[in-house]
Structure formats: C-alpha cells, structure tokens
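The values are calculated or read from the model by the stated rules, or taken from the named source; none is laboratory data. Because the structure is predicted, anything quoted here is derived from the model rather than measured. Every residue, glycine among them, receives a Cβ derived from its backbone with ideal geometry; neighbour counts consider all protein chains shown.
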Amino acid sequence: MNRHPVVFLSFQNVKASAPDEMLRLLGRAVCSEYRRYYSLISSSALPEEELRQFYEVYSVISSRENAAALKEVIGSSVVVLCNVLELYFGRKVYLLLDEYDTPFISANSGGYYSEVRDVLAGMLSFALKGNPSIEKALLTGIQRVAKENIFSGLNNLVVCTAADADYADCFGFTEKETRELLEYCGGQFTDEVRDMYDGYRIGDCELYNPWSVSCYCARKRPESYWVNTGENSILKNALAQQRSTFAEKYNTLVEEGKITVKAELSTAYYEKPNDASLWGLLINAGMVTIEERKSEEDFTVRVPNQEVWKAFQELTAFYLQVDEYEIGTMLGYLKTGDIDKFAEAYRKVLLELPSYHDLKDENSYHMMMLGICTFLRRDYDVRSNRESGSGWGDILLYAKKPALPNLALEFKYTKDHSKDLEKLATDAVRQIKEKNYYADMQGETVLIGLAHCGKQASVVWEKCNISKEISPGEKTIV
C-alpha cells in the first residue's frame, strides 16, 4: 500500500462523433492525472529536460484547442507522466486504465476509425511497450483490441475473460458482500434485489452488479441503474447488421432466457464481425452471462437478471426502429384484453417498421412479435413453436398473475392483395381451437389470429374461459 505512484485513466467518456472531438476527450482524460500531480512535479527539482516535456504536454492537453498539436503529444503523454513520477518517487508506476477499448468502439461506430487509429494504437503501445517506468499495468474493457498489435511483444501478459476463474470475485459483489453492504447502508436485502441485480457468473463465482447495488444502496429504489449508463452503440450497430443465423438464436434467447452458442471472448466484434464475436461481445458487455462452458468456444449463456431484460427491450425497440413507448402501449392493451385497441396499435407498429425489415412470410411476423415479447417477460411465460394440444402454437403467453389473461397468437400471411385478410385471421383462430393450442392454459384466455399482407393486417379474436364454451368476440379488422 502506498509504495508505488499510480496513474489512473478512465476512457469511459471518450466517445465522440468526430475525430477532433475524440482527441480533445482523450486529452481531457489524461489531463486529469497531470493536474493531480502538477503541484508535486512543478515544485520538484527534477531534471530540466523531463520537466520541459511534462510542461509541454500539459500545456497542449489542458488547452485542447489545437487538434494538430494534440495529435502530436497525446501518443507520448502517458509515458512522459510515468517518467517524471518514477523520477520523483524513486519507484516505478502502476498504470490503471479503465474502458481502454471505448475510444476504438466509438471511432468505429462513428465511421472515423481510420483517422484516429494510429493515435489510439500509438498511445497505448507507447504506454505499455515503450514505457520503462511501468511496474505493472491493468486494463479493463469489453473488447480485446488485437488488430493494431497493441499487445504484441508484451511479456507476462495475462488476459482474463468472463469465462476465467482468475480474479473472478473482483468483477462484482458476492451475495454475502451485497447483504453486508445493504445492512451497512440501512437497506434491506430482498428477492427483488436478487431478481434485479444478481445472476452474473464469472469463472465459478455468482455475482451481483456492483454499480447497480451501490446505486440501490444510495437510492433505496430497485431500478435499472447500470443499463442507463451505456449507449450500447456497438450492440445496436451489430443488431442492425445481424445475419439470419444470429437472429434465430437471439429470438431463442428472448423466448427461453438462455441459448447454447459459439462465442469468441478474445476478439473485437468490429475487427471480426461474425456471430461468434458478437456473442462474445454480449458476454463481455454483461448482456448475457455464461451458465456453462461446453467446450473452448461453446457456451450456454443466459440473460442474468431483470435489469438486463430491460436493456433487451431497448435493443429490440432500436432494431425494429419503433418507439419503445408505442410498443409498451400496444402491449398494455394486450394485457388488459382490449384487443380492439391492440389491433390499432399493432397496425401502427407495422406501418412504422423500416423497409429493410423483410416481412415476407408468416415466420417473419412471428419473429418480429416474439422480439417484442421481451417487454412481457415479467408478466408472462413466453413460449414459441412449442407443442401444445395437438400441434405447435406460434406464440403462447402464460400469465404469471391471476389478473392477466393468457394469450394464444397465431400468424398468417399471403402475398395476394386480393385475399380476404379477415377470413385468413378467422382461420388462424379456428386453427388455435381445432388444435387446442391453449389446452394447458387456465382462466381467462384470449385467442388471437393475425393475418398479414405486407404492412396490412387483420386481427380477429375470441375470449374464453377454461370452464366455459368459447364465445366469439367482435372481429376487429385492422
């Protein structure tokens, strides 16, 4: 303790839409550490050349007005600081760099990666490989940036991923630590706290999200704290470019809460954009957690908790390019059994879908609605293409609360614009009844047939109770 000088840099906020702004934010991040040590260094009797370099770098990064000058000095800024600290304290430096990959991700998402690549890679390369004043360095991030050879040639490099046992208990709070912290802060440990923030598995440790637990201790409200801290830009871009193979597994994850996938944990998605690196990104970003490692690259992953399910709702709304509020409103009508208003809202959602959503068959509408069902997971057990009665229902929603109706949805599609969509939707309801898809549902149940042609739709519904004959509801044409 207190034996070595420490340089702590966080690139958490180094996110920009243009390269010059990126450089200014990098300068600001480094400048905070220069300012922390400025009074010590400026009053010291260090060699003139080292002091000159320190003042020169500090002058540029503190003003941050000249982008060209920033570009010149930012690469050596960390080395210069470490050098003067070693001279002043007589000991080598510990370098701690949080979210080192954020600038790379932001530049890639912003489309200017090639313009700042050399600066970013050079800065880290000099700090780690060309820095004789370093004793140890610790970097954290959700992507391993390998393409720029930042880490090549380094001795004693240890990489710890979400699958490794090394330092596993440092990634979050154990339940014991969570209980103790809540007790210390005057809070109470409840099942709701567990449901919201527990569920992460790193190595062999089951962990709580430390940021969310800390925020809960301060505010005493079980809200989604961590999800609101990140912009998920690379996840959103990746989902917008996803292939059908990823979409199928993503929808299975949404339905079942877990899925077995191939994942590359040590590859940056933007460097190698494939399904395996995208699943690796989701794991490292905390969107899913490893339940079981099947082999070197095969993992069973699951959504860890209710807080992260909220993030999946936001990602689903982004991918569909539909307002999250509109989805919530539409599903609110579904939950209250107001199918007339649901039908109107459903039509509006369809009309607002961008043209790149290829609604070409029954399955495409089915998958769209299944993604939207992430919003219902707290209230419904979501099942899709599961055997029930004498067939396989499209989407079956089993209510978790007595006040909510069960829902059975069947989708139909035609390319023929002259077809009677109301009749097709009626056929869908008839199929639900004939094949008895709702056989294991109890209490109030709504059978819903949805027929489509492009972005036109008809919705027909019937309500029933397990102990009563089915009585037709009004046919609602959308």
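As a summary of the residue check, residue 211 satisfies the conditions (1) closer than 30 Å to residue 129 by Cβ; (2) modelled with pLDDT of 90 or more except for the one numbered (1). Scanning the range 122-146 for residues that are small (Gly, Ala, Ser) and over 19 Å from residue 10 (Cβ atoms) yields 122, 125, 130, 133, 146.
Of the residues making up the range 1-10, those that are at pLDDT 95 or above and either touching a Lys or Arg at 6+ places or on another chain (Cβ under 8 Å) or not β-branched (Val, Ile, Thr) (or both) are 5, 8, 9, 10. Residues of the range 237-295 that are acidic (Asp, Glu) and in contact with a strand residue (DSSP E or B) (Cβ under 6 Å, 6 or more places away or on another chain): 255, 291, 292. Screening the range 84-137 for residues that are more than 30 Å from the chain's Cα centre (by Cα) and among the hydroxyl-bearing types (Ser, Thr, Tyr) and picking the one that is surrounded by the most Cβ atoms within 10 Å (Cβ to Cβ) gives 133.
For the range 310-331, the count of residues that are within 18 Å of residue 164 (Cβ to Cβ) and among the charged types (D, E, K, R) is zero. Each residue in the range 348-380 was checked for being hydrophobic (A, V, I, L, M, F, W, C), more than 22 Å from the chain's Cα centre (by Cα) and at pLDDT 85 or above, and 3 of them qualify.
Examine the range 101-122 for a residue that is in contact (Cβ under 8 Å) with a residue 40 or more places away in the chain and part of a strand (DSSP E or B), and state whether such a residue exists. No, there is no match, as no residue in the range 101-122 is in contact (Cβ under 8 Å) with a residue 40 or more places away in the chain and part of a strand (DSSP E or B). The residues of the range 57-94 that are modelled with pLDDT under 95 and among the acidic types (Asp, Glu), listed by number, are 65, 72.
Could you grab me the full set of residues in the range 32-71 that are of a type in the set (D, E, K, R) and closer than 30 Å to residue 117 by Cβ? Scanning the range 32-71 gives 33, 35, 36, 50, 52, 56, 64, 65, 71.
Per-residue answers, yes or no, for (1) closer than 25 Å to residue 136 by Cβ; (2) modelled with pLDDT under 90; (3) touching a Leu at 6+ places or on another chain (Cβ under 9 Å):
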{"residue": "152", "(1), (2), (3)": "yes, yes, no"}
{"residue": "155", "(1), (2), (3)": "yes, yes, no"}
{"residue": "167", "(1), (2), (3)": "yes, yes, no"}
{"residue": "172", "(1), (2), (3)": "yes, no, yes"}
{"residue": "184", "(1), (2), (3)": "no, no, no"}
{"residue": "189", "(1), (2), (3)": "no, no, yes"}
{"residue": "195", "(1), (2), (3)": "no, no, no"}
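Listed by first and then second residue, the pairs with beta-carbon distance under 8 Å, at least 6 apart or on different chains, first residue in the range 396-423 and closer than 9 Å to residue 451 by Cβ and in contact (Cβ under 8 Å) with a residue 40 or more places away in the chain, second part of a strand (DSSP E or B) and polar (S, T, N, Q), are 421/456; 421/458; 422/458. Please go through the range 183-198 and give me each residue that is part of a helix (DSSP H, G or I) and either within 23 Å of the chain's Cα centre (by Cα) or over 21 Å from residue 227 (Cα atoms) (or both), ordered by number. Hits for the range 183-198 are 183, 184, 192, 193, 194, 195, 196, 197.
Summed over the range 4-58, residues that are basic (Lys, Arg), loosely packed, with under 15 Cβ neighbours inside 10 Å and in contact with a helix residue (DSSP H, G or I) (Cβ under 9 Å, 6 or more places away or on another chain) total 2. Pairs meeting the criteria (first residue in the range 209-227 and surrounded by fewer than 19 Cβ atoms within 10 Å (Cβ to Cβ), second residue of a type in the set (D, E, K, R), beta carbons under 6 Å, at least 6 apart or on different chains) are 222/192. Scan the range 318-347 for residues that are within 17 Å of residue 462 (Cα to Cα), surrounded by fewer than 19 Cβ atoms within 10 Å (Cβ to Cβ) and β-branched (Val, Ile, Thr) and the total you get is 1. Filtering 359, 315, 351 for residues that are in contact with a Leu (Cβ under 8 Å, 6 or more places away or on another chain) and under 23 Å from residue 422 (Cβ atoms) leaves a single hit, 359. Selection of the range 305-337 for residues being under 24 Å from residue 284 (Cα atoms) and of a type in the set (Val, Ile, Thr) yields 308, 316.
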